[in-house]
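Have a look at the structure below, then the notes.
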């Protein structure tokens, strides 16, 4: 997409685009920005924080940026519903990459503040929910103050000239992602890895316009779809899922969402194992598209965990090729 | 298949082959021969009665004849199992036409015999089962004598020189199909339409070698398959049927048959609505063939009842073409 | 059923009835009679050959006999379709036992006849189909003469006073089951085990009235059903099969049969693994009966091969009991 | 649960509990509070705003409150993921009622401020995403300032003594739900119904402990479940959905969620049509519970839209009763 960074030949482990300008769900220092930093080339590119997922995706559609990073699942700072809804309607978009970010929190304060001094803590409400157990144990009696994002609770302490202070903020310490401290080393870290669940991971996607080059198949891929359900009746969803099952295509995520315009009509946001270049995926997509002609393809892209997709022999490309050849021969008789 | 009789261009209502020599499950005068007489050109062709279904089909495979007519369903004189088993193994064969024959019986005897004189009746045991109700009412106390076929019970009365007698046969009257009387008008008909079920119909097929020209699609077609089931487990059959259901393909007949070599392994003999030239059928066949690579195609041919196959819009050829075009466009991105 | 022959208490491995009078598809010496001889108590009971399957089953319904043995699958002498159709309509019947009979043939002739003397052979046409390969190799140029049953071809040689002759019969030798020779040792066996497929087995069932005691579960059982299909549409059969699959119930036989009264309407004759006393079978039957209120239960009975039915843990009786208890507790809240 | 309001007999349109103390996802003035106000008795009860969904649900579990209102779908202020995750683990909870709240926004400012004076607007980021179109048209060039909730942007203008001012807040106007204005009429409404999508609705649930009385069936009910998926393989989800489909139970919402402890394992949060007292629902729950023994029941409760659930005749209670009676009779034979 972008000649300026294309000096490096893209390898199979580097399917990302070469965009110069990226939007992300801001502000700076959020987990979304941490996700963006995993996109090849992004650390050296122009990265623009946006107020909302729709704003970030609008910037892609309007060609203000080349691509955007937005949350797709389990985000600690919200936005998942907005992403699901936004990519499902309006001008088409394409997912080029998925990015997993471990959810780690640090407790930060101005220099000199000790852990036992902390009486009030600020962060995003979702983050607070994830460190509540730690706080009750380590900061008994602490008061919580909401902030619009995790980063905001820390950034608000900075005066921009190297000074750190909580004066006038109404709280003693903030909880944010480690990336904020990397950027602002003047922040003092009072405690690390304070999440109640150390395994927590959140998932983001890099979204571009449909003319972006689709990542090549790697054997460990995902495909994302939007399937509007035309009717609210028993078995309708099943009929769609059978299109996947009869080709041995596994679902890795499914979410029904009410369409905004008609209460009671739904669409399904679905991730499946495999790449549209895999015969079993292409064949399943044909089946789904026949049943739901408004089905939208959001992209095929490598799995972030690189876990190879196991395919039964009778759903392999070889099986499709042989079966198609058999039928074609018969049809020619 | 045969240039000698191909002076007439075949139309949609005349998909049959132009064979010179036909085998059929004999002897002469059976319902199978009545079925053969419905094949275009057959009344003027050489028609050879065979002792068994395997013998009739062997004659096709060995090119002794061009095609054979054998029972496929509900035959009053048996042979269905033999047909199912025989076409499922050995050299491949093709069904070119299905033929429905109403099951009508006539009671025949030598001239001068009256209905009230009949004390013993002979016919095929299956035929006897179908007229038993009539016989109990109209021939109280009658004794039944088995015959190897319906025709045999009548033909045995003929001396070949125009004479009709039951002397030495051990019975007074025979029960056969009306076609025997058409050929041998010297037989006296004592009663017509004596079947207990006047709606009964039996189904036959015209079978040829795989190099025969496949009948063109008519919009009212059937396709016959043999699907060997590789494993005896819950859901295995379901997995195959879902390949049909996900393409909107209706089953019109299904029969599981134990394979002869391994008790407990099964194959399925299946008829479906539609022609292999229909996209939904071709797509379903691909799916079945992937799961069961030994799946055998027995042919696509017009339904004998000419009843048009109704296809939901999303399973129509147009839906397949649009969906395939959509996927192909995406794959090209 | 009958105390007169029940001196021995029936154990789990001996579920058969204690009937005094049995009907079977005759004549004497058929494979059906061989099947009947496997029924506990039958060798000492009165056994009545009948001309047809409907006649044998009518004798049960009319209480002329206590039970009947008829073919259910793959019978070398036909009758399967008649059995399927007859048990599916009219007064209800119950299958109490299934019986497997190996298909073995012997070639018999009068004393003094040598194998090389045999020019013409008679037997049932289906039997002839199964020894055709042997005959072509061992009796080159032999001529076939149809007989109404395998036994008939042999029994016709007997004069009833110990003499054996083919004079006036029109053939030199017959092909029948070994049981005929056991009963008539005056027949000379020219060749044994002449079936082209040495593994062939045919399946029979013992049928009684619904008031017969149902065989207790053994862990290796079958259940037979008749399921009329109310409508000829894609997925209708699938809907029924899913009732079995969702309870882990395996199908071991399925056959669609046109109903006699309306061409195009079908019923399904189905055998499933398991006993109606198994929770998963009872639950599946409930589901099928809801969809097809005319579903007919033909009985639960031990598998002839005694092969234990493997059941996944989540389809076991224990799983049903736990799940039902969970739901019942919730409903009581 | 609450004697104080129990003088009135509860009717079908009033299934809610009679709790004295309610928690809700705060602060005051949010859409969650608007949902709580629809709970019978709640306007007169003690209603306690909580910082997070987990905090609100913990208050229920710890018996600090009788019940809590939290978002379940499409919430404009987030919290849905937290609700899904929280009710799925830990001590069991029960949903007693679902509540729909139309998403309506008003633009509020201190008295005297005119629409054309507004240069900066504050609200929750998700709310901003939903009025962005209106803002671009009616407030060209406006700057957005995030707030932790919609209510917070308005409440911050109040001095608690009837005064309204934006001094020191960094913005000129706030966007909140109409309920804030009802409570604080001193706020001036500059614009009403400014949502880009006038049909938007968000869904909340009233959650209590499992000993709460389950709402009686009304014919227009929902049931919520948590189904942990034991394995990540093709068809696993399908197997569960077939348990619903074979009983004619419709899904109205489905969402897969990664479990927090093992990346790659999923659970499904599912809403279905019908009440556990409906036979088809109880039967489906049994099936799901057998396959996934950790399945969790979250409650059966009336649909907020009162839309009656249509049930095919063969999935009605009457069909279940008849089928069960048929099977029970057979088992007794």
Worksheet, complete the sentence: Expected max-MSF residue from A:152, A:35, A:45 in the GNM of chain A (alpha carbon, under 10 Å) is A:45
Discussion item. Can you tell me which of D:49, D:140, D:178 moves the most in a GNM of chain D? Springs connect C-alpha atoms under 10 Å apart.
Written reply: D:140
Response to the item:
Given all pairs of distinct Cα atoms, the range C:166-249 yields a Kirkwood Rh in Å of 19.1
Practice prompt. Convert 37 °C to kelvin, take the viscosity as 0.692 mPa s, use the Kirkwood radius over C-alpha pairs of the range B:106-192 as Rh, and evaluate the Stokes-Einstein diffusion coefficient in µm²/s, rounded to a whole number.
Written response: 262
Worksheet item: What whole number of Å gives the distance from the Cα centroid of the range C:117-176 to the Cα centroid of the range A:268-295?
Response: 62
Practice prompt. Every other copy gets compared here: list the nm distances from the residue D:294 label point (7 Å along Cα to Cβ) to its counterparts, shortest first, one decimal.
Written response: 3.7, 4.1, 4.8
Practice prompt. Treating each Cα of the range A:240-333 as an identical point scatterer and ignoring solvent, apply the Debye formula and state log10 I(q)/I(0) at q = 0.18, 0.22 Å⁻¹.
Written response: -0.90, -1.20
Worksheet item: Taking a quarter of the surface of the convex hull around the Cα atoms of the protein assembly as shown, what do you get in nm²?
Response: 60.4
Worksheet item: Using just the C-alpha positions of the range D:153-295 as equal point scatterers, what log10 of I(q)/I(0) does the Debye formula give at each q in 0.08, 0.10, 0.16, 0.17 1/Å?
Response: -0.44, -0.61, -0.89, -0.95
Item to complete: List the distances, in nm to one decimal, from the label point of residue D:325 to the label points of the same position in every other copy, shortest first, placing each label point 7 Å from Cα along the Cα-to-Cβ direction.
Response: 3.0, 5.7, 6.1
Practice prompt. Compare A:126, A:184, A:314 in a GNM of chain A, Cα atoms joined below 10 Å, and give the one with the largest fluctuation.
Written response: A:314
Practice prompt. Report, in degrees rounded to the nearest 10, the 0 to 90 angle that the Cα long axis of helix C:125-138 makes with the longest principal axis of chain C.
Written response: 50
Worksheet item: With contacts defined as alpha carbon pairs under 8 Å and 6 or more residues apart, what's the relative contact order of the range B:106-192 in percent?
Response: 48
Practice prompt. When a/c is below 1.5 the answer is rounded, else prolate if a/b is larger than b/c, else oblate, so apply that to the range B:163-206 with a ≥ b ≥ c taken from the square roots of the Cα gyration tensor eigenvalues.
Written response: prolate
Response to the item:
Taking Cα atoms, the helix B:236-245 axis meets the longest principal axis of chain B at an angle in degrees (rounded to 10) of 80
Worksheet item: Relative contact order (percent) for chain D, with alpha-carbon contacts under 8 angstrom and 6 or more residues of separation?
Response: 19
Worksheet item: Regarding the range A:18-145, what are the three Cα extents along the principal axes, ordered largest first, in Å?
Response: 51, 30, 21
Item to complete: Compute the long axis of helix B:279-291 from its Cα atoms, compare it with the longest principal axis of the Cα atoms of chain B, and write down the angle in degrees, 0 to 90, nearest 10.
Response: 90
Worksheet entry | Alpha-carbon spread of chain A, three principal axes, descending order, Å | 86, 51, 37
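Rounded to the nearest 0.05, what FRET efficiency do residue D:305 and residue A:138 give with R0 = 35 Å and r taken as the Cβ-Cβ distance? Could you check?
Working: r = 46 Å, r/R0 = 1.31.
It comes out at approximately 0.15.
Each reported figure results from applying straightforward, stated rules to the coordinates on display, with no laboratory input. This structure is a prediction, so every number in the text was calculated from the model and none was measured. In this analysis, Cβ positions are derived from the backbone assuming ideal geometry, glycine residues included, and neighbour counts consider all displayed protein chains.
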